[in-house]
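See below for the structure under consideration.
The values are calculated or read from the model by the stated rules, or taken from the named source; none is laboratory data. The structure presented is a predicted model; accordingly, all values stated were derived computationally and were not measured. Cβ sites come from the backbone with ideal geometry, for glycine too, and all protein chains shown count toward neighbours. Heavy atoms of the whole protein, side chains included, go into the accessibility calculation; ligands, DNA and RNA do not. Shrake-Rupley method; radii C 1.70, N 1.55, O 1.52, S 1.80 Å.
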Amino acid sequence: MNWRKIGEEISEGLFPSNIYCEVCGALIDRSRPYSLCDECVRKMHWITGRSCEKCGKALPDTYKGRICYDCIRLEHSFTRGWSCLTYGYFERQLMMGIKYSGKGYLAVKMGEVLFDRMEALIAKADSLNIRPFDMVVPVPVSKGRLARRGYNQSELMARQMVKQWKDFGRAVPTLQGDILIRKRETEMLRSMNPEERRLALGGAFGVKFGREKQLAGKNILLVDDIYTTGATADACSSVMLRAGAEGVYLLTLCSGGNRKPGEC
């Protein structure tokens, strides 16, 4: 008996999604994607144009470079990244609901966004010189935050993405939600600069004891909710590469803008 599926069905019955838009509260019908009304979907900052060829941040048409300012300054451990949205007002509304208002069901909806982003990439993986992914690994949260929140939003998104990937049926990776662990809780990173973030995350992640062999020679897709400077992604990628992973790619729901050093 699949207790997880039963729990999801009960939750949907008690607190049905796709009734009200999660950003503006407008009444919607179940056919609307991502629990958003048409107006809010249009207002979201979708990354559909140029993006950083390293981390996936959106690049304005006027920007002449191929990688963003942060990636020029910082060397990353992950091979390449993609992102779905630029983090703005509407994206913040969604993330605040997921992280601080117990809206785990909304993280599941955002997993649909991740898959829609990946579907096009999967189809042209050969032309992008990307070997099929062997496993999807969500960025873990600390035990304290997991207890307070009740779920890891990155894992919920990753699980839904893999579920839809199975329906898509092409080079389906496995979800490994517990292979990467958070060894200690860190301070909130929002007010830290890139160097401070990297110092704060030193030694914060690890591979679960006895699971190193599962990573050997594997191509990993690391999933996280928000990407800013890449400190978290690099810390996670580094420990998996040291454990023997062949490559680590990154997929995030939201990413920051392409700001020059010193810009707010």
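Remarks
- Kirkwood-type hydrodynamic radius, the range 65-210: 17.2 Å, calculated from all non-identical alpha-carbon pairs.
- Computed from the Cβ-Cβ distance with R0 of 51 Å, the FRET efficiency linking Asp29 to Glu185 stands at 0.80.
- Taking each of Lys57/Lys163; Lys54/Lys260; Lys43/Lys166; Lys99/Lys260; Lys124/Lys213; Lys103/Lys166 in turn, the alpha-carbon distance tops 21 angstrom for Lys57/Lys163; Lys43/Lys166; Lys99/Lys260; Lys124/Lys213; Lys103/Lys166.
- Taking all protein chains together and rolling a 1.4 Å probe, Ile226 ends up with roughly 40 Å² accessible.
- For the set Leu222, Leu175, solvent exposure ranked by accessible area (probe 1.4 Å, protein chains only) runs largest to smallest as Leu175, Leu222.
- Max mean-square fluctuation residue, GNM over the chain, Cα-Cα springs under 10 Å, options Lys57, Lys124, Lys183: Lys124
- For the options Tyr151, Tyr100, Tyr227, a Gaussian network treatment of the chain with springs between C-alpha atoms closer than 10 Å singles out Tyr100 as fluctuating the most.
- Pair-distance profile P(r), taking every C-alpha pair of the chain, with 10 angstrom steps and integer %: 7, 29, 38, 22, 4, 0
- Placing dummy labels 7 Å off each Cα toward the beta-carbon, the span from Glu39 to Ser101 is 1.7 nm.
- Summarising the amide proton neighbourhood of Leu175: residues at separation of 5 or more, or on other chains, whose placed amide H is nearer than 5 Å comprise Val136.
- Relative contact order %, the chain, counting alpha carbon pairs below 8 Å whose residues are six or more apart: 22
- Surface composition of the range 69-186: carbon and sulfur make up 48 percent of the accessible area, probe 1.4 Å.
- Stokes-Einstein D in µm²/s, Kirkwood radius over Cα pairs - the range 20-117 at 10 °C with 1.306 mPa s viscosity: 106
- Sequentially through the range 207-215, phi angles give Karplus couplings (6.51, -1.76, 1.60; θ = phi - 60°) of 8, 4, 3, x, 9, 4, 4, 5, 8 Hz, Gly and Pro residues having no value and appearing as x.
- Proximity of backbone amide H atoms, modeled 1.01 Å from N, is registered between Val248 and Thr79, Ile220 at under 5 Å, excluding neighbours fewer than 5 places apart on the same chain.
- Of Arg32, Arg149, Arg197, the one that fluctuates the most in a GNM where the chain has Cα springs shorter than 10 Å: Arg32
- Ligands, DNA and RNA aside, Asp224 has an accessible area near 20 Å² when probed at 1.4 Å.
- When Trp46, Trp165 are compared by accessible area of protein heavy atoms, the largest-first order is Trp46, Trp165, using a 1.4 Å probe.
- Annotation: amide H of Glu53 within the under-5 Å range of Ile67, Cys68, sequence separation 5 or more or interchain, hydrogens built in the peptide plane.
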